[in-house]
1. Which of the GluC sites (Glu not before Pro) across the stretch A:296-344 are loop residues per DSSP, with 13 or fewer other Cβ within 10 Å?
2. Show me, bin by bin at 10 Å from 0, the whole-percent P(r) of the stretch A:101-241 based on Cα pairs.
3. Please report how far the C-alpha centroid of the stretch A:62-85 lies from that of the stretch A:409-429, rounded to the nearest whole angstrom.
4. Counting DSSP beta bridges with both partners in chain A, what percentage is antiparallel, nearest 5?
5. Can you list the residues, at least 5 places off or on another chain, whose amide H is less than 5 Å from the amide H of A:ILE346, using H built in the peptide plane?
6. To the nearest 0.05, how large is the calculated FRET efficiency for A:ARG32 and A:SER97 if R₀ is 25 Å and r is the Cβ-Cβ distance?
7. Hand me the GluC sites (Glu not before Pro) from the stretch A:1-103 located in a DSSP loop with no more than 16 other Cβ atoms within 10 Å, in residue order please.
8. Tell me, what does the Kirkwood hydrodynamic radius of the stretch A:34-173 come to in angstroms if you use every pair of distinct C-alpha atoms?
Amino acid sequence: MSLQNDLTQKVIEAVKQLYQVELPSVEFQPTRKDFEGDITVVVFPMLRHVKGNPVQIGTQIGEYLVANVDEVSKCNVVQGFLNIVIEDSYYLNFFNSIFSENDFGYVKSQSDDAVMVEYSSPNTNKPLHLGHIRNNLLGYSVAEILKASGKKVYKTQIINDRGIHICKSMLAWQKFGEGETPESSGLKGDHLVGKYYVAFDKAYKEQIAELVEAGTEKEKAEKEAPILLEAQEMLRKWEAGDDEVVSLWKKMNGWVYEGFDVTYKNLGVDFDTLYYESDTYLLGRDVVKDGLERGVFFKKEDGSVWIDLTEDGLDEKIVLRSDGTAVYMTQDIGTAIQRVTDHPDINGMVYTVGNEQDYHFKVLFLILKKLGYSWAEQLYHLSYGMVDLPSGKMKSREGTVVDADDLIQNMEDTAASISQELGKLDGYSEEEKKQLYRTIGLGALKYYILKVDPKKRILFNPEESVDFQGNTGPFIQYTYARIQSILRKADDVKSSAVETSLELHEKEKELLKQIQLFPETIQLAAENFSPALVANYTYDLVKEFNSFYQQVSILGETDEQKKNFRVQLSQKVGELIQSAFRLLGIDVPERM
RNA sequence: GGUCGCGUAGCUCAGCUGGAUAGAGCAUCUGCCUUCUAAGCAGACGGUCGAAGGUUCGAAUCCUUCCGCGAUCACCA
């Protein structure tokens, strides 16, 4: 029951009365700041149904609305735009109706269907970096937004714990590690394993160079370097279940998981269920065999199995090797089906994976559709742009990465030094301060990443670092802290309803309009899988509040009614900031 | 070469699926702290929305072509 719906009916009614024509719809937009009014009806589209000049039509409709709709106090027409002024009492009524509502804007009833959101899904041979951070923040936030829009959500990740990459780390550790453990070296587990991944690559490159020196062709050398052959042998042993290899694998993966857990905790992300590639990599083969019988797939002479997607504008794609083993695609088919088996209420999945895999997911979704799964219509690849450095792509092997743990620490340090300079934290214990620096540092980082459209690539310049002023997380957190300060001083916040006869200040009215937009913002963000919409909404809200705060005295107001309303309004804005930021996984501070 | 994505102020980004004079932040410059937190507010400066056509009363937004950047086209994952 929004104002717009009401007005739509009234405008249709007006046109029917005036011109005996039934309009299919009415187009609205917020009134531009330079004109008087709150909401604007665009007259132009009506010209298809009503003959006449737009100004005249607008004027007549406006007169009708003023006469027949209580909330409309006056109207004016500029060109083909009918600007409508809404009564203050309408906004005050709206405010009263939501004031005591918790989590205003969230849909509280939960759908029966569930959505599974996959994100993170790292390899277990190296620590997480800035690219993973974008992935994690996006996935987590989209999951929270979907929840707030009324969906049941499972958060998951598939951990790529097997394959040649982890064997490389294992082998290098065996060769050069001398028994080093996280305990013995004090190194975080994932960093320790990553160190040996880099060591492997170094040794591998040296061997290639030696072979080339001795006259081998480069391409051949890359395939025949002894250390690579050893790693491949190790993978074969792992697949055969060799005790020694498997136990080393378990040990080193264990170190990595401990390290990841710390990073996830620092980032504030979590998962409901986990899948491990070592459990799922064999899945999918039966499905392919079944699909082969049903003619979805076809077999080539060498025994490999393919799907022909040329009619869909794609190519042929392999789904089973000639030796009968699974490829990446087979696995993903199997895993998807497994997930629905495990959680029968799933009707839809979101895969948070970089845009370099656009093609893979296009194919995957198409295959699942062709296999006839009803839920295959509800799959979405949350594709995001890479995070690049000024020097180019990040590469773990070459050490040109922005490490996740380092970056988080960095942000906290910056927050700490700014905070200390400002010196507003008298009375805070060291522990409280540390907590606050973390809140602000992470707030800056998370907002910085989430405010941009997922599709766009981000160029991250470590030198310039992330801002703390302007359109940033700390700016919004600061506004929240200010509001809390007011609320602490206004010890007697009345929860009683506000008199609807109050005359609104322009800034108050703008704030109320912005508040009204929150529910639809959440829905829009959910439909578009875009945390950026929530971030930008919050920024607009906060800007509006700061402007209000600057121009209007809250606690200094002598009229008790007005003062009480302003305090209540501030409180509500604070709550909104908090719940919007919760959707982004960002905390808000009581002081800063 | 085929396919997909991106291109808006010096820099970083918005622009609600076609509406009025394209908006913010950073940077530069100017004001505002004996009054609720100046990580703030108010203002100035800054644009042929990559280019050219087309559709429309109306285009940054939709269509076509071209240019630039990126990704992808593996019996790797």
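1. Hits after loop and neighbour filter: A:GLU301.
2. All Cα pairs considered, the percentages come to 11, 26, 25, 18, 12, 7, 2, 0.
3. Centre-to-centre distance over Cα atoms comes out at 52 Å.
4. Roughly 50 percent of the beta bridges in chain A run antiparallel, per DSSP.
5. Amide H neighbours of A:ILE346, under 5 Å, 5+ apart: A:ALA114.
6. The calculated FRET efficiency here is 0.35.
7. Qualifying residues, ordered by number: A:GLU22, A:GLU27, A:GLU36, A:GLU101.
8. So the Kirkwood estimate lands at 20.8 Å.
Bear in mind these aren't lab numbers, they're just calculated from the coordinates by the rules spelled out. The shown structure was predicted, so the numbers you read here are calculated from the model rather than taken from an experiment. Note that we place each Cβ from the backbone using ideal geometry, even for glycine, and neighbour counts take in every protein chain shown.
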